[in-house]
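First comes the structure, then the notes that go with it.
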Amino acid sequence: MPEDQIEDIQRRLDELRQLIERYNHEYFVLDQPSVSDAEYDPLMRELREIEARHPELVTPESPTQRVGARSRAGFAEVRHPLPMLSLSNVYAEDELRAWAARATRFAGTDEFRFVTEPKIDGLAVALTYVDGVFHHGATRGDGFTGDDISPNLRVLSSFPKKLTPLHSRPAPATIEVRGEIYLRRSDFAALNDGIANAGGKLFMNPRNAAAGSLRQKDVSVTATRPLQLFSYQIGYLEGGAMPTNHWDALALLRELGFETSIDAARHDSVEQVWTRCQHWLERRAELDFEIDGAVIKIDEFRVQNEVGYVAREPRWATAYKFPAIQQTTRLLDININVGRTGTLNPLAILEPVNIGGVTVSRATLHNEDEIARKDLRIGDTVVVQRAGDVIPQIVKVIEERRSGDEVQYVMPDTCPSCGAPVHRERGVAMRYCTNAACPAQLKERAHHFVG
């Protein structure tokens, strides 16, 4: 290969690694990402593909060789007895089949089953119990060392501080339970509304809100946040019998008093796995918590050990990632639509962006108070979300991308349809056109009557 071509490849590798390191720090340490998954994932995929073609250029410091990010300052560190690794991703049925084929090859047999669970979009934690009592807890961190968040975890009521006694056998002397701390969508919306009303910085999504809530240095703040936990794995167990497969491990966790991922399922074939992945994709919008995919694991621990690990990931598990529901774009303008009752309804005009296979160029803004709460300005880079059949909405502004040229929006004093004065009563969110014969109102009334 010509030397100048190698230099170009190395330059792109350096660029990707620096970008991804920055975004990892924002996501895992600051809990305030400046890019959506839809922007981050293609960068990581490109980096993986280049390194796969040029393994001689892979370095131990590359983001593909590490998990998460280093611990946050202000927290003591906890060394994980067994690394908390991340999962590889697949995005289509053929990629899922290719993963299963590789696992079968490493296992030397196809006589094994799979377990699928929804992939909760939260913060991974490891909870250690000694003699049945919660001892300490930590974040994933870089996979080998995490933040000691034990005081913050102790104020949560969503998981047991003392394990439920087992009827059929003694409880293990030591057990590490791994799970995902998350916020319900409804609780996230209420939290962000409160932050907006107080003039604070909004969270991009429930995952970052959960992580930011849990890693508070003031545990009294954590105590006010309705954080939940789904447990998904036994990290290790001492002084007791370890189940022989993942399915039974989930049953043991429930017996000990933990809530596990809802509706886990066991499968005999990749076809059944793919059907289940589509099941979760269809259910995604109706759940009151965020899932960004489905996790697929080989059930039998013996086969897991045969299949093994590669770099920072187990070969015996993967995640089918759903299309992103969030994307960043520019707010080009704010238009006003006049409703049938005379309300002035602001509508965001966006630089067109693809979200989950749909081109989005507009988003609802509800009323002028929302514009003020979110401090939306013309020209801002914003996070837009489209979930299921819900009308797209702006989640937050990426303030770090402001150039200073953005323009504050001012609601009109006259109706944009008929020019009549508008009026807003004290304590009411909407402005109203005062002209009952306004053409826009008449048109909307006619549509409402016909509809």
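The values are calculated or read from the model by the stated rules, or taken from the named source; none is laboratory data. No experiment lies behind these values; they were computed from the predicted model shown. Ideal geometry is used to build each Cβ from the backbone, glycine not excepted, and the neighbour counts take in all protein chains shown.
Values for this structure:
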read-out	value
Counted residues, segment 167-188 - those being out of contact with any Pro (no Cβ under 9 Å at 6 or more places or on another chain) and surrounded by 13 or more Cβ atoms within 10 Å (Cβ to Cβ)	9
From the options Ile371, Ile398, Ile355, residue that is surrounded by 13 or more Cβ atoms within 10 Å (Cβ to Cβ) and either touching a Leu at 6+ places or on another chain (Cβ under 9 Å) or farther than 26 Å from Asn208 by Cβ (or both)	Ile371
Residue within segment 19-31 that is outside any helix (DSSP H, G or I), of a type in the set (A, V, I, L, M, F, W, C) and within 28 Å of the chain's Cα centre (by Cα) present	no
Residue in segment 332-352 that is touching a Pro at 6+ places or on another chain (Cβ under 9 Å), among the hydroxyl-bearing types (Ser, Thr, Tyr) and in a loop (DSSP other than H, G, I, E, B) present	no
Test: Phe112 is under 21 Å from Ala319 (Cα atoms), surrounded by 19 or more Cβ atoms within 10 Å (Cβ to Cβ) and at pLDDT 90 or above	yes
Residue, nearest to the chain's Cα centre (by Cα), within segment 324-371, restricted to residues that are of a type in the set (A, V, I, L, M) and closer than 24 Å to Asn435 by Cβ	Leu365
Pairs, first in contact (Cβ under 8 Å) with a residue 24 or more places away in the chain and assigned to a loop (DSSP other than H, G, I, E, B) in segment 150-165, second surrounded by fewer than 14 Cβ atoms within 10 Å (Cβ to Cβ) and of a type in the set (D, E, K, R), C-beta under 7 Å, six or more apart	none
Residue match in segment 190-199 (condition: surrounded by fewer than 23 Cβ atoms within 10 Å (Cβ to Cβ), out of contact with any Ser or Thr (no Cβ under 6 Å at 6 or more places or on another chain) and closer than 26 Å to Tyr236 by Cα)	no
Subset of segment 203-223 (residues that are surrounded by fewer than 21 Cβ atoms within 10 Å (Cβ to Cβ) and of a type in the set (A, V, I, L, M, F, W, C))	Val219, Val221, Ala223
Selection status of Arg283, at pLDDT 95 or above and more than 18 Å from Ile181 (Cα to Cα)	no
Pro151 vs. criteria more than 30 Å from Val90 (Cα to Cα), out of contact with any strand residue (DSSP E or B) (no Cβ under 8 Å at 6 or more places or on another chain) and surrounded by fewer than 24 Cβ atoms within 10 Å (Cβ to Cβ)	yes
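To keep it simple, each residue is scored yes or no on (1) outside the structural domain of Leu332 (by TED's automatic domain parsing); (2) acidic (Asp, Glu); (3) touching a residue at least 12 places away in the same chain (Cβ under 8 Å).
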| site | (1), (2), (3) |
| --- | --- |
| Pro352 | no, no, yes |
| Ile355 | no, no, yes |
| Thr364 | no, no, yes |
| Asp375 | no, yes, yes |
| Thr381 | no, no, yes |
| Arg386 | no, no, yes |
| Ile391 | no, no, yes |
| Lys396 | no, no, yes |
| Gly404 | no, no, no |
